[in-house]
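To keep things clear, I will list the structure first and then write my remarks on it.
The values are calculated or read from the model by the stated rules, or taken from the named source; none is laboratory data. Computed from a predicted model, the values in this text were never measured in an experiment. Neighbour counts are summed over all protein chains in view; Cβ atoms, including those assigned to glycine, are modelled from backbone coordinates with ideal geometry.
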Amino acid sequence: MPDLRSAALDASLDDLVAVGADLAPGTLLSAYRLGLFPMPGDVPGELLWFCPVARGVLPLDGLRVTRSLRKSLKRFEIRVDTAFDDVVAACADPSREGGWIDGSIMAAYGELHRLGWAHSVEAWSDGTLVGGLYGVEIGGLFAGESMFHRATDASKAALVGLVSLLAAVPGPRVLDVQWRTPHLASLGVVEVPRRDYLRLLDAALGSPAAFSL
């Protein structure tokens, strides 16, 4: 795995920084510690590794909860790690626009979950899973991978639940969302230059993990 802290790679203007390797737990955890995350390539079996030049990060004190969202939160029960595989499967729904999660990704993160590194935050309504998100936690890093909703504001409710959980634990913490999209920007996500993100990451990795408490 490339170390983006080196001067030459840090100066690169490409989000894509490596191709190849595998999705074994050790490979994934090493990659996240270096600031990288994987996505399948266009060629079957191809694996791409990204470290965006402008990284999407949600400051825990910057989440925007509108009045309407605050009212919606009352409709959901937030649970943690009770339906991880179902959340990933919903995020991988091939009918979703821009879907990228394939079987290899689902299997790899399912294994990380069973090893205690990957987690889901879920929004339930009347006993039905209606939204959620999943990601990888290493120390004070939570690397968000994907989210979904089947009811209005359900994924946002899961995000509010995640932020509350992370904010309750002391120590430097980073909630990484990969890229800042217009939707995520409306929730308070900001862009952080890659070099600054790596500094934040290094500080966060030594913090206690929220999900293991």
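Details
- Residue count for the range 112-144, restricted to those that are more than 24 Å from residue 172 (Cβ to Cβ), surrounded by fewer than 20 Cβ atoms within 10 Å (Cβ to Cβ) and within 16 Å of the chain's Cα centre (by Cα): 1.
- Members of the range 184-203 that are more than 15 Å from residue 160 (Cβ to Cβ) and not acidic (Asp, Glu): 185, 190, 192, 193, 194, 195, 197, 198, 199, 200, 201, 203
- Residue check, residue 62 at positive phi and in the same structural domain as residue 168 (by TED's automatic domain parsing): no
- Where strands (runs of 3 or more DSSP E) sit wholly within the range 107-199, those with at least 1 residues that are more than 17 Å from residue 32 (Cα to Cα) occupy 118-125, 128-138, 141-149, 190-193.
- Restricting attention to the range 42-75 and to residues that are in a strand (DSSP E or B) and more than 14 Å from the chain's Cα centre (by Cα), the residue that is surrounded by the fewest Cβ atoms within 10 Å (Cβ to Cβ) turns out to be 54.
- Picking from residues in the range 76-100 that are assigned to a loop (DSSP other than H, G, I, E, B) and touching a residue at least 60 places away in the same chain (Cβ under 8 Å), the one that is nearest to residue 160 (Cα to Cα) is 76.
- Counting the residues of the range 175-213 that are among the hydrophobic types (A, V, I, L, M, F, W, C), within 27 Å of residue 68 (Cβ to Cβ) and within 14 Å of the chain's Cα centre (by Cα) gives 5.
- Residue 157 being farther than 23 Å from residue 41 by Cα and in contact (Cβ under 8 Å) with a residue 60 or more places away in the chain: yes
- All positions within the range 145-191 that are in contact with a helix residue (DSSP H, G or I) (Cβ under 8 Å, 6 or more places away or on another chain), closer than 21 Å to residue 31 by Cβ and surrounded by fewer than 17 Cβ atoms within 10 Å (Cβ to Cβ): 172
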